[in-house]
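The values are calculated or read from the model by the stated rules, or taken from the named source; none is laboratory data. Values in this document were obtained by computation on a predicted structure and should not be read as measured data. Neighbour counts are summed over all protein chains in view; Cβ atoms, including those assigned to glycine, are modelled from backbone coordinates with ideal geometry.
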């Protein structure tokens, strides 16, 4: 079934990965009422972890932003699973929580997390606009540069 | 309009800062159902950043707690807009996530964020007590000392 959002993804040249399985005893997403809580996603492409390292040392802002965009693609893949395959059921992206693995004193987390925020707006239009935080972290799972969790409203 | 919470702010001698508008593809807050998700805020007064640096190195604990209190006022000013000006519609603070900009050995992040919890309790009473997470960060956007992210329930 190719809905409106699926067509939009195709226009953008984005192929959704198979949703990543959690690395421990938790779920990739939980639906509570109309809200879908997506567990923290990582920059995974073709089943492989990408962007391992720190922004400000191993990666510049643009690479960090690309990592955040890739994390966003993985978030959308989980949301699609939560919607039973129909992304047109997404009412809106409510919230993104962005963690940037960075060097001491780094202060450009927002620019990095914008990679994911911009993707949500490209894919879902105004319904992709969300509340968010963007913060630094000393270390992240598997050493990745960016981890982002999300809350979506679905119909 | 002087409601109960506004009266409390006045008793405490506190003004709310001008709301800080996000400069990217996200919103200051998103309302879904009866929940308000407020984006991560910092210790700013409009466009003026009041507290930067690392707590325990550039700021002492008292200054860190003061930064946390100012950050709460930035959450509350967005919350007031979300409530169409009537803060008495706030049912409770559901969740507070506090990030403290500090060095790797700083162990008092909770004490810093407790400054925020204290003010929330002063303003909203028992309903101001959130589920709380606190994390230390090696860096925060534009070097702010504290960032707070919150979910409130409103009527």
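Consider region B:83-108. How many of its residues are modelled with pLDDT of 95 or more and within 14 Å of chain A (Cβ to nearest Cβ)?
Within region B:83-108, residues that are modelled with pLDDT of 95 or more and within 14 Å of chain A (Cβ to nearest Cβ) number 9.
Within region A:133-145, identify whether any single residue is within 17 Å of residue A:20 (Cα to Cα) and assigned to a strand (DSSP E or B), and answer yes or no.
The answer is yes; a qualifying residue exists.
Can you name the residue in region B:30-53 that is surrounded by fewer than 20 Cβ atoms within 10 Å (Cβ to Cβ) and either without any contact (Cβ under 8 Å) to a residue 60 or more places away in the chain or more than 14 Å from chain A (Cβ to nearest Cβ) (or both) and, of all such residues, is farthest from the chain's Cα centre (by Cα)?
Going through the qualifying residues, I end up with B:33.
Regarding residue A:57, is this residue at pLDDT 95 or above, in a loop (DSSP other than H, G, I, E, B) and within 14 Å of chain B (Cβ to nearest Cβ)?
Yes; evaluated as a whole, the condition is true for this residue.
For region A:19-50, which positions are in contact (Cβ under 8 Å) with a residue 12 or more places away in the chain and over 23 Å from residue A:97 (Cβ atoms)? Full working, then the answer.
First, pick out the residues of region A:19-50 that are in contact (Cβ under 8 Å) with a residue 12 or more places away in the chain: A:19-20, A:22-23, A:26-29, A:31, A:34-47, A:49-50.
Hits for region A:19-50 are A:46, A:47.
Hey, among the residues in region B:142-155 that are within 8 Å of chain A (Cβ to nearest Cβ) and surrounded by fewer than 24 Cβ atoms within 10 Å (Cβ to Cβ), which one's farthest from residue B:20 (Cα to Cα)?
B:143
For residue B:22, indicate whether it is within 13 Å of another protein chain (Cβ to nearest Cβ), surrounded by fewer than 19 Cβ atoms within 10 Å (Cβ to Cβ), over 28 Å from residue A:69 (Cα atoms) and at pLDDT below 95.
no
For region A:27-48, state whether one or more residues are in a strand (DSSP E or B), under 23 Å from residue B:41 (Cβ atoms) and within 12 Å of chain B (Cβ to nearest Cβ).
Yes, region A:27-48 has at least one match.
What are the residues in region B:108-141 that are out of contact with any helix residue (DSSP H, G or I) (no Cβ under 8 Å at 6 or more places or on another chain) and either on the phi > 0 side of the Ramachandran plot or buried (at least 23 other Cβ atoms within 10 Å of the Cβ) (or both), if any?
B:125, B:137, B:138
Give me the residue from region A:125-148 that is more than 11 Å from chain B (Cβ to nearest Cβ) and touching a helix residue (DSSP H, G or I) at 6+ places or on another chain (Cβ under 8 Å) and, out of that set, nearest to residue A:7 (Cα to Cα).
Only one residue tops the list, namely A:148.
Which count do you get for residues in region A:78-120 that are within 7 Å of chain B (Cβ to nearest Cβ), more than 12 Å from the chain's Cα centre (by Cα) and assigned to a helix (DSSP H, G or I)?
Summing the residues that are within 7 Å of chain B (Cβ to nearest Cβ), more than 12 Å from the chain's Cα centre (by Cα) and assigned to a helix (DSSP H, G or I) in region A:78-120 gives 2.
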